[in-house]
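Here is the structure we will look at.
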Amino acid sequence: MPMRELGPIVVLVHVVSFCLGCIVGSFLNVVVWRVPRGESLLSPPSHCPNCGHEIRPWENIPIISWLCLRARCSSCGQPISIRYPLGEGATGILFWLVALAALRRNLPLAWLPGAFYLTGSLLAASLIDLKHRLIPNLITYSGLVVSIVLALLIPQSRIGVFSGDVVVSGGLLVHSAIHGLAGEFQADLFQMPAVLAMLDWVLGAALGFGILGSFSFLGTKVFKSPLMGLGDAKLLAMIGGFLGADAVLFTTLFGSLTGLIFGLVRRYAFRSSDLSVAFGPFLSLGAFVWILFGGSVWDVFHKVF
Ligand SMILES: [Zn+2]
């Protein structure tokens with residue numbers, strides 16, 4: 001169902017998306033801390049690092065509990081870092097922006113779960129990459145699995161696959177691939193949204209991994225040094241899995257340009273000797289811009305360049 005048909009209950013979308021974001025943010029706080037340290041996400045349950053006091057459910061309500069507890073452990077009084085409510089609030093705002101984009105672009109409601117999942121994954125991957133210079137496989141592999149399951153079970157979650165006119169989320173690239181591959185079977189193919197969605201998924205994920213994976217391979221073979229890790233290639237594959245091939249092209253372009261500008265500004269304006277740049281956050285930002293604006297970003301791109 002397109003979002004504009006929701007009528008008065010649309011206000012629920014705003015409230016629910018923000019609250020859902022805060023709850024997911026609370027979980028992401030745990031992911032960002034534990035996953036790069038190789039710790040389990042399930043056990044032990046959340047506890048005070050100082051006295052071991054186990055966090056009870058009412059002490060775990062995003063933002064509100066931190067305020068009610070006045071930022072201190074209820075057992076030993078040890079201060080609780082502000083990064084917890086900040087992570088929760090930031091994820092809440094990002095989810096709300098995603099819901100706003102879905103309303104503005106009049107996307108189907110089925111688009112939201114994948115967009116939320118990808119947004120949470122991008123945020124966690126970026127924070128971990130900034131601090132630890134790695135992107136955990138747990139995030140990218142699980143994202144690839146979730147996106148393929150969504151493509152198979154809810155093909156409508158991929159923009160336009162559901163419509164008879166077929167404007168697939170991979171856009172032009174997928175269109176030409178379908179025309180090339182399917183030939184006279186095109187009409188039949190368009191009656192099978194799950195097959196179309198799968199094709200869209202495969203092209204997006206393969207292009208994502210291929211672009212940065214080949215850079216990594218070339219770096220090792222030609223320059224005898226890995227120019228970038230495979231973590232970035234897997235991240236871009238996950239982005240392609242959710243958003244399709246066109247998004248991969250935009251994300252690569254956006255990530256490279258903003259990453260380059262950041263590196264140059266840091267080098268020449270702040271005289272930093274550190275030449276390496278964590279690429280994950282720039283790719284993630286590019287993918288998030290695509291989530292918010294979709295293919296219309298190309299119009300802006302064309303005007304600027
Ligand atoms: Zn304590």
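Observations, loosely collected:
- Restricted to helices (runs of 4 or more DSSP H) entirely inside segment 245-305, those with at least 2 residues that are modelled with pLDDT of 85 or more are 245-268, 280-293.
- Pair list, Cβ < 7 Å and 6+ apart or interchain, from segment 250-270 residues that are over 18 Å from residue 204 (Cβ atoms) to residues that are assigned to a helix (DSSP H, G or I) and not basic (Lys, Arg): 258/282; 258/285; 259/282
- Scanning segment 19-48 for residues that are open to solvent by less than 70 Å² (accessible area, probe 1.4 Å), within 16 Å of the ligand (Cβ to nearest atom) and either touching a His at 6+ places or on another chain (Cβ under 9 Å) or β-branched (Val, Ile, Thr) (or both) yields a total of 0.
- As for segment 88-99, it holds no residue that is over 21 Å from residue 150 (Cα atoms), assigned by TED's automatic domain parsing to the domain that holds residue 48, within 16 Å of the ligand (Cβ to nearest atom) and open to solvent by 50 Å² or more (accessible area, probe 1.4 Å).
- Meets criteria (more than 16 Å from the ligand (Cβ to nearest atom) and open to solvent by 70 Å² or more (accessible area, probe 1.4 Å)) for residue 12: yes
- Qualifying residue in segment 118-126 (condition: open to solvent by 20 Å² or more (accessible area, probe 1.4 Å) and either over 28 Å from residue 234 (Cα atoms) or of a type in the set (Ser, Thr, Tyr) (or both)): no
- Scanning segment 58-76 for residues that are within 16 Å of the ligand (Cβ to nearest atom) and in a loop (DSSP other than H, G, I, E, B) yields 69, 70, 71, 73, 74, 75, 76.
The values are calculated or read from the model by the stated rules, or taken from the named source; none is laboratory data. These figures come from a predicted structure and were not determined experimentally. Please note: Cβ atoms are built from the backbone with ideal geometry, for glycine as well, and neighbour counts cover all protein chains shown. Note: accessible area is taken over every heavy atom of the protein model, side chains too, but ligands, DNA and RNA are not part of it. Shrake-Rupley method; radii C 1.70, N 1.55, O 1.52, S 1.80 Å.
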